[in-house]
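Working notes, beginning with the structure itself.
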Amino acid sequence: AQSVTQLDSHVSVSEGTPVLLRCNYSSSYSPSLFWYVQHPNKGLQLLLKYTSAATLVKGINGFEAEFKKSETSFHLTKPSAHMSDAAEYFCVVSDLQTGANNLFFGTGTRLTVIP
Amino acid sequence: GAVVSQHPSWVICKSGTSVKIECRSLDFQATTMFWYRQFPKQSLMLMATSNEGSKATYEQGVEKDKFLINHASLTLSTLTVTSAHPEDSSFYICSAVKYGTSGIKFSYNEQFFGPGTRLTVL
C-alpha cells in the first residue's frame, strides 16, 4: 500500500529565507514521487517528480527535492522564498511497478511567506 | 504540451438538479482520466477512474448512481452529479494520464490536472 505523510500542515517563512516542506512516504514497491502546488482557486501544477532516476530532482521555480530511500523521505526545498511561493503544496506517491495510475495525496502543507 | 481543461470553472445549482462537468485533454489522448473532489482546506480524494470505452471504477464510498461518469472519447470525460444536494458542494478536479517511458525497466505515467470546477448547491 502507498501513502504519504506531510509532517507540517502549515509552514511560515520570511521572504528570502530557505523553504523546507517535509514528506515521508510508504510504498510496497519502487515509488514514483511528486510534488504539486496549488494556488488559491487554481488547478494543481507539477513542481517536480522522481521516477527512479537521479535522487536529487530539480523542478520549476527553483524548487528541488531529494529522494532518500533509507529515510523514506522526499522533502521539498528552495533556497530563497518568494512571495509568489505562498500556496498549498501536496506530496504525492504512485507505484510504478504495479503499473497503477493511482496517485495518493498527502494532506498538504500551506506555505505562508512573510514580507 | 499536456493541457487539461474543465468546464465549467464554477457552477451554482439548486438542490435536486443535475450538473454535468466536462474534462478535456486538449493536446493528447487519454485513455484514463481520474475524478477527484477536494473539500475546503483538505487534500484531494480520488472518486473514480474513468476509462475510455468502458465503465468507470469507483472508489469505496462513492455512489456510482449519483456521480455518473462517461468517457466517450479519448479526449473527453464527463462527471454528472445527479440530484445534487448541498453536501455535494465541493471542488471537483479531473486529471488525464499521459504515458511516457523512462529508462529501460519502467514506464511511467503522469497525470495532468484540470483547473477544477467549484460546485455550489443551494
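Whether any residue in segment B:64-83 is modelled with pLDDT under 95, under 23 Å from A:Ser3 (Cα atoms), out of contact with any His (no Cβ under 7 Å at 6 or more places or on another chain) and not in a loop (DSSP other than H, G, I, E, B) is what I want to check. Checked against the condition, which is being modelled with pLDDT under 95, under 23 Å from A:Ser3 (Cα atoms), out of contact with any His (no Cβ under 7 Å at 6 or more places or on another chain) and not in a loop (DSSP other than H, G, I, E, B), segment B:64-83 yields no hits at all. The single condition among (1) among the charged types (D, E, K, R); (2) assigned to a loop (DSSP other than H, G, I, E, B); (3) over 22 Å from B:Ala48 (Cα atoms) that A:Lys42 does not satisfy is (3).
hydroxyl-bearing (Ser, Thr, Tyr), over 10 Å from the mean Cα position of the chain (by Cα), modelled with pLDDT under 95 and assigned to a strand (DSSP E or B), is that true of A:Thr5? Spelling it out, A:Thr5 is indeed hydroxyl-bearing (Ser, Thr, Tyr), over 10 Å from the mean Cα position of the chain (by Cα), modelled with pLDDT under 95 and assigned to a strand (DSSP E or B). Would you mention how many residues in segment A:1-55 are within 13 Å of chain B (Cβ to nearest Cβ) and more than 18 Å from A:Glu88 (Cα to Cα)? Of the residues in segment A:1-55, 11 are within 13 Å of chain B (Cβ to nearest Cβ) and more than 18 Å from A:Glu88 (Cα to Cα).
Condition check: crowded, with 19+ Cβ neighbours inside 10 Å, farther than 27 Å from B:Phe39 by Cβ and not small (Gly, Ala, Ser). Does A:Val57 satisfy that? Here the answer is yes, as A:Val57 does meet what is asked. Scanning segment A:12-43 for residues that are crowded, with 18+ Cβ neighbours inside 10 Å and either more than 22 Å from B:Gln111 (Cβ to Cβ) or free of Cβ contacts under 8 Å to residues at least 24 places away in the same chain (or both) yields A:Val13, A:Val19, A:Gly43.
Within segment A:60-77, is there a residue that is touching a residue at least 12 places away in the same chain (Cβ under 8 Å), assigned to a strand (DSSP E or B) and closer than 21 Å to B:Lys41 by Cβ? Yes: one or more hits. With the requirement that a residue be surrounded by fewer than 19 Cβ atoms within 10 Å (Cβ to Cβ), assigned to a strand (DSSP E or B) and aromatic (Phe, Trp, Tyr), what does segment B:7-43 give you? B:Trp10, the sole residue that qualifies.
The values are calculated or read from the model by the stated rules, or taken from the named source; none is laboratory data. As the structure is a prediction and not an experimental result, all values here were calculated from the model. Methodologically, a virtual Cβ is constructed for each residue, glycine included, from the backbone with ideal geometry; neighbour enumeration extends over all protein chains shown.
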